[in-house]
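Novice: Attaching a single structure in structure tokens format; questions to follow.
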Amino acid sequence: MGRKSLIALAVVAGVVVSGAVSMWAQAPAPKKAYFLVQSDVTNPTQYAEYAKLTPAVVEKFGGRFLTRGGQSATLEGRPAPSRVVVIEFPSYDRAQAFYTSAEYQKVKKMREGAATLQVVIVEGL
């Protein structure tokens, strides 16, 4: 192969690699996900023990609490349960991984019988 052919091959290879790097660099970031919990606490003492342990597990999966049982009001529809929690995760997959993890399942058992809940994961924008 002559020198001109090698130069042409190097230029083509550079364009292909540059295009691949450009495509990789422009890959969209995963959408965040939100873990929505509405609960009525029936045993505050037991629930408090559960609530102490959840932050460490949430953080392990990249989550952070946005709300954690603060003041809320139902503006339309059925009255919301007394406690509303919103946790943000870096992706839908991380939110699911948190919920199904052995660590959370162990902590979740501590909550059994202390509250009734509805738990929803929703993908963000």
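No value in this document is a laboratory result; all are computed from the given coordinates. Given the structure is predicted, the values throughout are model-derived calculations rather than measurements. Virtual Cβ from ideal backbone geometry, glycine too; neighbours counted across all protein chains shown.
Novice: Quick one: what pairs do we get from region 66-90, first residue among the basic types (Lys, Arg), second in a strand (DSSP E or B), C-beta under 6 Å, 6+ apart or different chains?
Specialist: The qualifying pairs are ARG68/VAL85; ARG83/SER39; ARG83/VAL41.
Novice: Under 6 Å between Cβ atoms, at least 6 apart or on separate chains: pull out the pairs that start in region 33-50 with a residue that is farther than 23 Å from TYR92 by Cα and end on any residue that is among the polar types (S, T, N, Q) and surrounded by 12 or more Cβ atoms within 10 Å (Cβ to Cβ).
Specialist: ASP40/SER82
Novice: While we're here: How many of the residues making up region 107-116 are in contact (Cβ under 8 Å) with a residue 40 or more places away in the chain, exposed (fewer than 15 other Cβ atoms within 10 Å of the Cβ) and of a type outside the set (S, T, N, Q)?
Specialist: Residues meeting the conditions: 1.
Novice: Further question on the same structure: What are the pairs with Cβ atoms under 8 angstrom where one residue, in region 92-106, is touching a residue at least 60 places away in the same chain (Cβ under 8 Å) and the other, located anywhere, is assigned to a helix (DSSP H, G or I) and surrounded by 12 or more Cβ atoms within 10 Å (Cβ to Cβ)? Sequence gap at least six, or different chains.
Specialist: Filtered contacts from region 92-106: PHE98/VAL57; PHE98/VAL58; PHE98/LYS60; PHE98/TYR104.
Novice: Let me ask another. Restricting attention to region 94-125, and to residues there that are in a strand (DSSP E or B) and under 11 Å from the mean Cα position of the chain (by Cα), which single residue is farthest from VAL37 (Cα to Cα)?
Specialist: GLU123
Novice: Here is a further query. Need the failing condition index for GLY69 against (1) closer than 17 Å to GLN118 by Cβ; (2) under 18 Å from the mean Cα position of the chain (by Cα), just the number.
Specialist: (2)
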